[in-house]
Amino acid sequence: MRWLWIDRFVEFESGHRAVAYKNTSLTEDHNDDYQPSYGIVPASTIIEGLAQTGGLLVGEHGQFHKRVVLAKVGKAVFHDYTLAGTTLPYTAEVEDIRTDGAFCQCQVLAGDEVRADVQLMFAHLDDRFPENLFDLAAFLRMLRMFELYKVGRTKAGEPLAIPEHLLEAERIEAQRLEAERMAAKSRNSVSNT
């Protein structure tokens, strides 16, 4: 099971600011399980949505070469609870990016009301950890599903380019899948004779 706490980006400026939407629903078990019969969105899932929004903003700034993880929730203030069925815009703004990590100021709205203000710190993993946190071809599919490269812009306003190492992973996966398809086709034709 994948835990995707954002649905799509509506704004993305490399190294500066991102806005992602999350459409919450009562059909998500965690919303009903948290406070049965109330349908309140758990604060922890809101923080995770902000972490995914900010983490992708930080990671894209380095062309996704650095492995970015949430290191610390510096401060989280929830002004009100959020009911399932609400569309939540998650905003992450980079305050500082360094070689070892980054700091983001985040906010969640419900309509025009601020629901949460959260400070997040991210770390860049060093060589003591596994090379990739994700399959890179699957990661690129996720970024496309989030429409990151559809709305993403550089600071100069140019469209974001997909990093070559992600495109290469996609090409390798396509070649592997084609080879598997051809092998299966060959096996099927031999078994049918």
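Condition check for Val58 on (1) closer than 15 Å to Gln107 by Cβ; (2) modelled with pLDDT of 95 or more; (3) buried (at least 16 other Cβ atoms within 10 Å of the Cβ): one failure, at (1).
Only residues that are more than 30 Å from Lys66 (Cα to Cα) and either out of contact with any strand residue (DSSP E or B) (no Cβ under 9 Å at 6 or more places or on another chain) or not basic (Lys, Arg) (or both) were counted across segment 109-126, and they come to 5.
Looking at the structure I just gave you, is Ala76 among the hydrophobic types (A, V, I, L, M, F, W, C), farther than 26 Å from Gly39 by Cα and outside any loop (DSSP other than H, G, I, E, B)? When the stated conditions are applied, Ala76 does not pass them.
For Ala183, indicate whether it is in a helix (DSSP H, G or I) and at pLDDT below 95. It is true that Ala183 is in a helix (DSSP H, G or I) and at pLDDT below 95. Here is the figure for segment 99-151: residues that are in a helix (DSSP H, G or I) and in contact with a Leu (Cβ under 6 Å, 6 or more places away or on another chain) total 3.
Looking across Glu93, Glu48, one residue alone is under 25 Å from Ala137 (Cβ atoms) and not in a loop (DSSP other than H, G, I, E, B). It is Glu48.
The selection criterion, being over 13 Å from Val73 (Cα atoms), among the acidic types (Asp, Glu) and touching a helix residue (DSSP H, G or I) at 6+ places or on another chain (Cβ under 9 Å), holds for Asp135.
The values are calculated or read from the model by the stated rules, or taken from the named source; none is laboratory data. Here the structure is a predicted model, which is why all the values come from computation and not from measurement. Backbone-built Cβ (ideal geometry, glycine too); neighbour counts: all protein chains shown.
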